[in-house]
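Read the structure below first, then the notes.
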Amino acid sequence: MALTRNVYQILEDIVGPENISEEPVILDSYAFLWLAETVTDSKFFTRPEAVVMPGSTEEVQAIVRACNRYGVKYKALSTGWGPWNAPGDEGVVQVDLRKMNRILEIDEKNMYAVVEPYVIFSQLQVEAMKRGLTCHIIGAGANTSPLASCTSMSGMGLSGISMSYNARNPLAVEWILPTGDILRLGSLGCGAGWFCGDGPGLSLRGIMRGTHGAMGGLGIFTKCAVKLYPWPGPRQMHFEGVSPGHVAAIPQNFRCYVLSFPSWDSFADAAYKIGEAEIGYVMGKQIAAGIVPLMAARSPTEYAQIRESGMADEIMQEFRYALQLILGAHSLREIEYQERALQEILAETGGWIPSPTQDPERQKTTFRMMIKVDGNSAIFRLSGSFGTSFGAETSCDAAMVHARLGEEIKKKYIEKGVIADDGAEWAWGAEMNEHGRFAHIEELFMYDPADPESAKGAAEFIEETSLLTAKQAPGLAIWELARGGLGPKAHDIYGPACSNYHVWQRRIKKAFDPNFSADATFYIEPEE
Amino acid sequence: MALLDYRNDMQRCSRCSLCKWPPLAQIKSWRFSNVCPSMVWGNFHAYSAGGKLIAALSLLDGRIDYSDKFLEIVYQCQMGGACDVSCKVTRDLEPLEVMLELRAKCVEDGQLLPAHMVMIESLRNDDNPMGKLKAERGKWAEGLDVKDITREKADVLYFAGCRYSFDQDLWGIARGAVTLLKKAGVDVGISGKEEACCGGRAYEMGYRGELTKYAEHNIETWNTAGVRTVVTSCSDCYGTFKYHYPKVGKTMNFEVLHITEYLDRLIKEGKLKPTRKVPLQVTYHDPCHLGRLSEAYIPWEGVERKVLGQIVIQDPPKEFRRGTNGIYEPPRDVLKSIPGLELVEMERIKEYAWCCGAGGGVKEAYPDFALWTAKERIEEAEATGAEALVTACPWCERNFRDALEQDGEKMKLYNIVELLLEAL
Amino acid sequence: MSEKEELIAIVGAEYVFDDPENLESYSRDMSFVRAMKPQYVVKPQNAEDVQGIVKWANNSGMPLIPVSSGPPRFRGDTIPTLGGAVVDLSQMKRIIRINRRNRVAMVEPGLTFGELQPELEKEGLRLPMPLAPRSSKSVIGSLLEREPTIIPKYQWDISDPLLCTEVVFGTGDLFRTGEAAGPGTIEDQWASGQAQTNPMGPFQVDFFRLIQGAQGTMGIVTWASVRCELLPQAHKLLLVPSDRLEGLIDFAYRLLRARLGDELLLLNSFNLAALLGEDADQIRSLREGLPPWILIIGIAGYERLPQERIEYQEKDIMDIAQQFGVEPVSAVPGTSAREVSKALSKPSGEPYWKLRFKGGCHDIFFLTTLDRTPEFIGAMYQMAEATGYPSTDIGIYLQPQMQGRACHCEFNLACDPNNPKEVDRVRTLFTSSSENLIKLGAFYSRPYGPWADMAYRRDAESAIASRKVKGIFDPNNVMNPGKLCF
């Protein structure tokens, strides 16, 4: 269903001929996405009918209005990583926000930045660091968009312990509603500035997003004030070495640890205590036991040799209940205090610092990866891709329930040979957001996207775990994972189990998008 | 390897877009945070390395066919390889190889650019892609007291390359290089008009046969001449000798050095002594082919296997070129050896340096894009506060000169050789 | 059945009131909002009652005005605009759960701070409080109104410390927000270790944000989980006096950046005097002695290394103070840190501190950023002067919020309610300065009374969108009609 010439021409008039395309070679680069093979049996989702690239709020608004007027659906993306960026069906115009890539303002005193959709975390972080600030970077990596994270996606990341979760990090937002009207959330609406995203009165931020965002299903966000957080490190981090081994010295007021524990229980105890002591700057369970042997290998081949020889068994066990922790302090007195507190916590919980991680060079690498969040796509390295499944934003104790459940289910799929044998453990997260107020957990696994059997196994794994959380009550699932696993029926499976929220969400969709113009695929279809 | 051999790499791209940025830890500002000129110029994802992998997969799977836009996406790229370095920080994929194979396939299928055809025609007729007569090739060295290797033996062959041989504005650099070598007492010769193209540019444009032809010819000539060392001032040629020549399978009985490596060695051995002050603050541009693309070829023939369920391994293990071992320090060390000269670094350097814009057949096919790319680099150089931009490659130099002239910019431009000459 | 009989059938005769005295007491508050009597006052005992009442309202078309705090009330949000039934939740006072491990409590809307804090203390917890709330103030009422608390460090988001809620929407549907939504019952969730600590969702809508700040126009909350903090084992309060507000502001920013201090707020001499003084005379004399501005910094030591925590923070604060040329002290002329600490650590004694000077008080408050507060204060002084209100009688309270990203700026205009001339003068000042302040960039995020009109006039799109929300959750407009933009 190609666009009519009339509609194409209207869109072209809005953005200019160089910023619109319906060339198949261009369209396919938007249809191709990570995890597509677990849904479509190929690397490609449905092609958009055209890609338009607006350069301003006004152009976005004009596109949305034109789509409403001519009955065309649209779907916006910023960096475009993940299946939720794809058009759900035929007849969708993809709105690529790449040209809207400016950091409009950094308010150093009041600790926020105003960004456009295509600013990435790395850019924002370096500019913020020049002012003694930084931003909460999501676990996916610093190559993603803070605006998208704050307005439209989820927002978990290891700096959550001191920098929250991105659903809680937007202040005022400029939002092109599904109909094309511009809503300016919070203090921006009356022209007071960007410092608050809630009010007057009830907070329309509640419509904008929940734990997870509308993923393009409720309009397009063009500007967002993002909270920044204190960065007590150097204004510019200097990384020595040549790719892929960049390292930076750990400043005097920082420490970088890997902590291991004898069990999930003691792991959780320590996580709670660290949260309560308010000593973590970045913390989480990122390095799975199955990944640890890679530290001693130069290639997947060597990794496999080490694993198959059995030499890795002991170290994998040592890292099974391990978390990474960066302490960061504003003074040397504070770092001393934090270290004392940590030592006490380790003594109380039976935790220890595994010897391989005490190597200062390794610590530097871990420090870089946790501050810059630049290494997480290594997760694709061993098998070519990874998937992630169920999990929740919930208390740490409930997260541990997830971790245990994840192990059990994963074993089956490892035995079938359809996912990589990672020792049946990869509970990722445990971030203890906001000094321990709620945790994040998800179960990662590795599969090969070039192997149809593996892709099929991955799809089954995601589906089984998604159904599990709907049936049992270990915490509300992560939406994009549940949607990925269960497909369009996900809301109708979860809704009845969760206060019938889906009924309300459908009403919201209908009220705010009466022409059903914004692609609802990863939000909610207006009809059951 | 052929394009089809990389199908798994294409499928394993996650569309993470890391190929658009420097290694993330090395981003130092918003302003200079891009690493892929093609992507910034073209904007649609298809212009990125990841996008080209997708285009290749789509083509292989018969989802799309060649079109003018397809060719633009394939060819509007300098093949500078920064994308490849960024990808390989965390992945074991070969995006640049896929891009090279994709161009080769385009050529095989007759999907050619007129501007490139002109270059190839010239190459076939006159052994250079610059539309110049072969007979004029040695003119750059006229009056230089240097051995002609076709007539007499020398330890070291100085290989000028096509750009230095035919771009009269740059002759002084090649002449200066020879002068420096002679000053250091090096037994150096040149091939004069008998010199032939390295074949690298043709290879990058997808013309595989031309590389094989020139590689075989040059290796044989130099082996026969008994030279111990081949030195070139051209980074493109250097990268070609180091990476592409070994692929043709002929033994090379000589060492290949870039002029900056050799000069660095001579200075450190005390054979060249920069003593005169050159009071200048400079910034150094790493040419792609001297930096990340000069990493030596690492032969690998093997198969992919699965172990531990779905872990993909190469059997035997494959070593990946990640930009780690490019020539980064020698040019810097030469600059640092010059009294009074201060080197300040740009934000994007070494393996994640921004390209000058001239490579991959872009300067010839898309001159506006080439100049825009250069101007972007000049802005970055200016942002350091340096008075001069220094490089070590004639293609970079030509393109920077053109960009500076077009905009009437005041920034000075030097080759390392010029500065060292001044210091002696 | 009559309306009254229907109500009685829902909650029982002892919880339905329509005697004139009762109706009169809910018809007005301390604000300038026009008085209006409700037809009924009904006091539900549980969620089922509430649900019955809301369904009844939908059938009968009777407006409902939810009230959770006891009098005196100040904002006009609980005065019926169109009559109706006041739903007084003060009898729903249960503490459903206190969970030390996850630092969370689940409480009903009638519970006051004074009732909750001692129970929390038994578990080693405390709930960050607004500045000396009146003793009748409902915890949930305060949280639903996004009242600032005095510990900005623990306010990560403007919605804190409110977490999950159980709510009866205007349609009569019972709903649980945040992770409390499910799957499973609350008991199932407890069994798997959940503690209703994640307020977001479920999934892609933050339902709790649609209730919070809504002044009871969307539904009635029947319980909420609230985020508690550890109870200090040791505590130290520092007072930083200054003649110049600007000097304290820069210092405060630096502390917020370094995450130093727990309680952190700024008061002018009048408000500190009002907080500490027992009557008008005492307030007057205290005000004369106190420095014009006081930054109050509290440092808590918790279970882990309490003294050490206080010690390093105090030393760091002193170092920074030296750089900024200010001096944190334990006493200023007229009072000591100890006395201030006492006043901040519990709800206000009787009478409520804002009423002690003249018996009445009208607050003007809004959100801005801390650096902009001097402009607003200057403007307020000018406006006071123009209306003949003594600027020395203006109480000023500046409360950094969201770890310092925004600032609650509050002017308290004391007023003798029995002096019509003074009431008139304050009314004039209140109205004109409210309008002028919004022109200067004040954000009435909690738009009570006349502010609603001012705020929504400047932000029509928010009004339109809010009405869409209202149409979903309260399509018959039974919930507190006439408030906000409804």
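Taken about its Cα centre, chain C carries a charge dipole of about 580 debye when Lys and Arg each add +1 at the Cβ and Asp and Glu each add -1 at the Cβ. Residues whose amide H lies under 5 Å from that of B:Asp148, counting only those 5 or more places away or on a different chain, are B:Ile190; hydrogens are built 1.01 Å from N in the peptide plane.
Placing unit charges on the Cβ atoms only, positive for Lys and Arg and negative for Asp and Glu, gives the stretch B:121-268 a dipole magnitude near 180 debye about its Cα centre. Seen against the Cα atoms of chain C and their longest principal axis, helix C:113-122 is set at about 70 degrees.
Please compute, over every Cα-Cα pair in the stretch B:1-138, the percentage with a separation greater than 19 angstrom. All intermediate terms of the calculation are to be shown ahead of the outcome.
Numbers: 5172 of 9453 pairs.
Cα-Cα pairs in the stretch B:1-138 separated by more than 19 Å: 55 percent.
Normalised Debye scattering of the stretch B:121-268 at q = 0.18 Å⁻¹ gives log10 I(q)/I(0) of -1.04, counting only Cα atoms as equal scatterers and leaving out solvent. Considering only alpha-carbon pairs that sit under 8 angstrom and 6 or more positions apart, the relative contact order computed for chain C is 17 percent. The magnitude of the dipole of the stretch C:95-230, with charges of +1 and -1 set on the Cβ of Lys/Arg and Asp/Glu and taken from the Cα centre, is near 340 debye.
Shown is the FRET efficiency for B:Glu269 and B:Asp407, computed with R0 = 60 Å from the Cβ-Cβ distance and rounded to the nearest 0.05: 0.90. Look at the dipole of the protein assembly as shown built from charges on Cβ: of B:Gly239, C:Thr217, C:Gly182, the Cα furthest out on the positive end belongs to B:Gly239. Quick check for you: which residues of the stretch C:448-486 have the amide N under 14 Å from the point 7 Å beyond the Cα of A:Thr179 toward its beta carbon? Of the residues in the stretch C:448-486, C:460-472 have backbone N under 14 Å from the label point off A:Thr179.
Per residue of C:404-412, other chain Cβ atoms within 10 Å of the residue Cβ number 3 on average. When a/c is below 1.5 the answer is rounded, else prolate if a/b is larger than b/c, else oblate, so apply that to the stretch A:254-486 with a ≥ b ≥ c taken from the square roots of the Cα gyration tensor eigenvalues. Oblate, because a/c is 1.5 or more while a/b does not exceed b/c.
Projecting the Cα atoms of A:Ser395, A:Gln125, A:Met111 onto the charge dipole of chain A, computed from C-beta unit charges around the Cα centre, puts A:Met111 farthest toward the positive end.
Our summary gives chain A a relative contact order of 15 percent, counting only alpha carbon pairs under 8 angstrom and 6 or more residues apart. Identify unpaired cysteines across chain B, taking unpaired to mean no other cysteine Cβ lies under 4.7 Å from the residue's Cβ. For chain B, the answer is B:Cys13, B:Cys16, B:Cys36, B:Cys77, B:Cys87, B:Cys106, B:Cys162, B:Cys197, B:Cys288, B:Cys355, because their Cβ atoms have no other cysteine Cβ under 4.7 Å.
Can you figure out the FRET efficiency of C:Ala331 with A:Asp265, using R₀ = 35 Å and their beta-carbon distance, to the nearest 0.05?
Details: r = 48 Å, r/R0 = 1.37.
Rounded to the nearest 0.05, the efficiency is 0.15.
Diffusion coefficient of chain B by Stokes-Einstein, Kirkwood radius over Cα pairs, 10 °C, 1.306 mPa s: 73 µm²/s.
Based on the alpha-carbon gyration tensor of the stretch C:95-230 and its eigenvalue square roots a ≥ b ≥ c, which shape applies: rounded if a/c is under 1.5, prolate if not and a/b is larger than b/c, or oblate? Here the stretch C:95-230 falls in the oblate category. Let me check against my output: what whole-number percent is the relative contact order of the stretch B:121-268, with C-alpha pairs under 8 Å and at least 6 apart? Computed value for the stretch B:121-268: 25 percent relative contact order.
Which loop-located trypsin sites (Lys or Arg not before Pro) does the stretch B:108-153 contain, where loop means any DSSP state but H, G, I, E or B and the Cβ has at most 12 other Cβ atoms within 10 Å?
On the way: sites: B:Arg124, B:Lys132, B:Lys134, B:Arg137, B:Lys139, B:Lys147, B:Arg151, B:Lys153; in loops: B:Lys132, B:Arg151, B:Lys153.
Qualifying residues, ordered by number: B:Arg151, B:Lys153.
Note on chain C: Kirkwood hydrodynamic radius from all Cα pairs is 23.2 Å, rounded to one decimal.
Residues whose amide H falls under 5 Å from that of B:Val256, counting only those 5 or more places apart or on a different chain, are B:Val230, with hydrogens built in the peptide plane. Could you tell me the center-to-center distance, by alpha carbons, between the stretch A:458-527 and the stretch C:64-134 in angstrom? Going from one Cα centre to the other spans 34 Å. Here chain A is treated as an ellipsoid with the same Cα gyration tensor; its semi-axes, largest first and in whole Å, are 37, 27, 22. Pick from B:His289, B:His45, B:His244: which residue has the top mean-square fluctuation in a GNM of chain B where Cα pairs under 10 Å get a spring? In this elastic network of chain B, the residue with the biggest mean-square fluctuation among B:His289, B:His45, B:His244 is B:His45.
Our note on the geometry: Cα centres of the stretch B:343-413 and the stretch C:358-396, 59 Å apart. Any chance you could give the angle, 0 to 90 degrees and rounded to 10, that helix B:49-60 forms with the longest Cα principal axis of chain B? Approximately 50 degrees, to the nearest ten. Annotation: lysines with alpha-carbon distance below 28 angstrom to B:Lys306 (same-chain offsets under eight excluded): A:Lys43, A:Lys285, A:Lys410, A:Lys411, A:Lys412, A:Lys416, A:Lys456, B:Lys52, B:Lys88, B:Lys247, B:Lys318. Protection proxy ranking, highest mean first, for peptides A:379-388, A:144-153, B:391-400: A:144-153, B:391-400, A:379-388, where packing is the per-residue count of other beta-carbon atoms within 10 Å, averaged.
Where q = 0.06 Å⁻¹, what log10 of I(q)/I(0) comes from the Debye formula for the protein assembly as shown, counting one point per Cα? Summing over Cα pairs of the protein assembly as shown leads to -0.60.
Once a ≥ b ≥ c are taken as the square roots of the eigenvalues of the Cα gyration tensor of the stretch C:3-88, is the result rounded (a/c under 1.5), prolate (a/b larger than b/c) or oblate (a/b not larger than b/c)?
Working: a/c = 1.81, a/b = 1.73, b/c = 1.05.
Here the stretch C:3-88 falls in the prolate category.
Using alpha carbons only, how many degrees (0 to 90, rounded to 10) separate the axis of helix B:114-126 from the longest principal axis of chain B? Long axis of B:114-126 versus the principal axis of chain B: about 50 degrees. In chain C, helices alone account for a calculated mean residue ellipticity at 222 nm of -10500 deg cm²/dmol, with every DSSP H run of four or more residues adding -39,500 (n - 2.57). Computed packing ranks the peptides C:42-50, A:419-427 as A:419-427, C:42-50, most packed first, by mean other Cβ atoms within 10 Å. Here, P(r) means the percent of Cα pairs in each 5 Å bin from 0 to the largest distance; for the stretch B:35-103 it is 3, 18, 31, 26, 14, 6, 1.
No value in this document is a laboratory result; all are computed from the given coordinates. Since the structure is predicted, the reported quantities are computational estimates derived from the model, not experimental observations. Reconstructed Cβ throughout: ideal geometry from the backbone, glycine too, with neighbour counts over all protein chains shown.
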